[in-house]
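A.B. asks: Starting off with a structure, shown below.
The values are calculated or read from the model by the stated rules, or taken from the named source; none is laboratory data. None of these values were measured; they are calculated from a predicted model. Using ideal geometry, Cβ is built from the backbone for each residue, glycine included, and neighbour counts are taken over all protein chains shown. Accessible surface is based on the protein model in full, side chains and every heavy atom, while ligands, DNA and RNA are left aside. Shrake-Rupley method; radii C 1.70, N 1.55, O 1.52, S 1.80 Å.
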Amino acid sequence: MVIFDMDGTLFQTELILEPSLKETLNKLDEHNVPYIENPIERYNEIMGVPLSEVWRNLLYTSSKGYTELANGLFQKSLVNSINTGKSKLYDFVEVALSDIKDKGYDIFIASNGDEKYLKAIYDYHGLDKYIQHQHTKQWRQI
């Protein structure tokens with residue numbers, strides 16, 4: 001068995017994170033949701049933490065409603081970026097995954113990413129050819 005993380009290991013997350021965050025912030029402006037100055041700089045400092053922690057750091061309020069709105073907008077933007085071809089696996093990922101699978105190993109993905117986001121990566125990039133199981137931050141197979 002071989003286990004991979006998705007973000008930053010197989011998937012070039014950096015290609016879609018900042019544009020999706022900018023889009024989310026623009027939509028938060030439309031909803032009058034206050035956030036800190038220089039949110040992208042702060043995000044870059046904390047990248048990789050769960051999204052609940054991201055919004056605790058970027059929003060001025062920890063209101064559940066604002067946090068859920070921000071998270072929903074961000075996830076929607078990320079999935080849209082994937083589904084419209086703005087995302088990419090790292091070079092040779094498919095070659096490596098194919099080689100590992102051909103050698104008889106089961107391949108697993110373990111990630112703290114949102115289920116819809118991971119499923120979009122998995123589906124758009126055709127990873128079902130290689131990967132037997134994906135587990136999200138909730139540790140459920142998707």
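A.B. asks: So which residues in the stretch 57-81 are of a type in the set (A, V, I, L, M) and closer than 22 Å to residue 15 by Cβ?
C.D. replies: Of the residues in the stretch 57-81, the ones of a type in the set (A, V, I, L, M) are 58-59, 69-70, 73, 78-79.
Hits for the stretch 57-81 are 58, 70, 73, 78, 79.
A.B. asks: Next question. It is to be established whether one or more residues within the stretch 89-104 are open to solvent by 20 Å² or more (accessible area, probe 1.4 Å), at pLDDT below 90 and assigned to a helix (DSSP H, G or I).
C.D. replies: Checked the stretch 89-104: no residue is open to solvent by 20 Å² or more (accessible area, probe 1.4 Å), at pLDDT below 90 and assigned to a helix (DSSP H, G or I).
A.B. asks: What is the residue count in the stretch 85-111 for residues that are among the basic types (Lys, Arg) and under 21 Å from the mean Cα position of the chain (by Cα)?
C.D. replies: Residues meeting the conditions: 2.
A.B. asks: Sticking with this one: For residue 137, are the conditions met, namely being of a type in the set (Lys, Arg), within 17 Å of the chain's Cα centre (by Cα), within 18 Å of residue 17 (Cβ to Cβ) and at pLDDT 90 or above? I'd like the intermediate steps shown before the answer.
C.D. replies: Numbers: of a type in the set (Lys, Arg): yes; within 17 Å of the chain's Cα centre (by Cα): yes; within 18 Å of residue 17 (Cβ to Cβ): yes; at pLDDT 90 or above: no.
Here the answer is no, as residue 137 does not meet what is asked.
A.B. asks: On to the next question. Of all the residues that make up the stretch 28-41, how many are under 19 Å from residue 78 (Cα atoms) and open to solvent by less than 80 Å² (accessible area, probe 1.4 Å)?
C.D. replies: Count: 4.
A.B. asks: Could I ask something else about it? Can you say whether residue 15 is assigned to a helix (DSSP H, G or I), open to solvent by less than 20 Å² (accessible area, probe 1.4 Å) and in contact (Cβ under 8 Å) with a residue 12 or more places away in the chain, as far as the supplied structure shows?
C.D. replies: Considered against the rule, which asks whether it is assigned to a helix (DSSP H, G or I), open to solvent by less than 20 Å² (accessible area, probe 1.4 Å) and in contact (Cβ under 8 Å) with a residue 12 or more places away in the chain, residue 15 comes out as no.
A.B. asks: Restricting to the stretch 58-84, and then to whatever is outside any helix (DSSP H, G or I) and in contact (Cβ under 8 Å) with a residue 12 or more places away in the chain, can you tell me which residue is least open to solvent (accessible area, probe 1.4 Å)?
C.D. replies: If we take residues in the stretch 58-84 being outside any helix (DSSP H, G or I) and in contact (Cβ under 8 Å) with a residue 12 or more places away in the chain, then 59 is least open to solvent (accessible area, probe 1.4 Å).
A.B. asks: Within the group 54, 49, which residue is in a loop (DSSP other than H, G, I, E, B), closer than 21 Å to residue 14 by Cα, among the β-branched types (Val, Ile, Thr) and open to solvent by less than 70 Å² (accessible area, probe 1.4 Å)?
C.D. replies: Details: 54 fails: in a loop (DSSP other than H, G, I, E, B).
Going through 54, 49 in turn, just one is in a loop (DSSP other than H, G, I, E, B), closer than 21 Å to residue 14 by Cα, among the β-branched types (Val, Ile, Thr) and open to solvent by less than 70 Å² (accessible area, probe 1.4 Å): 49.
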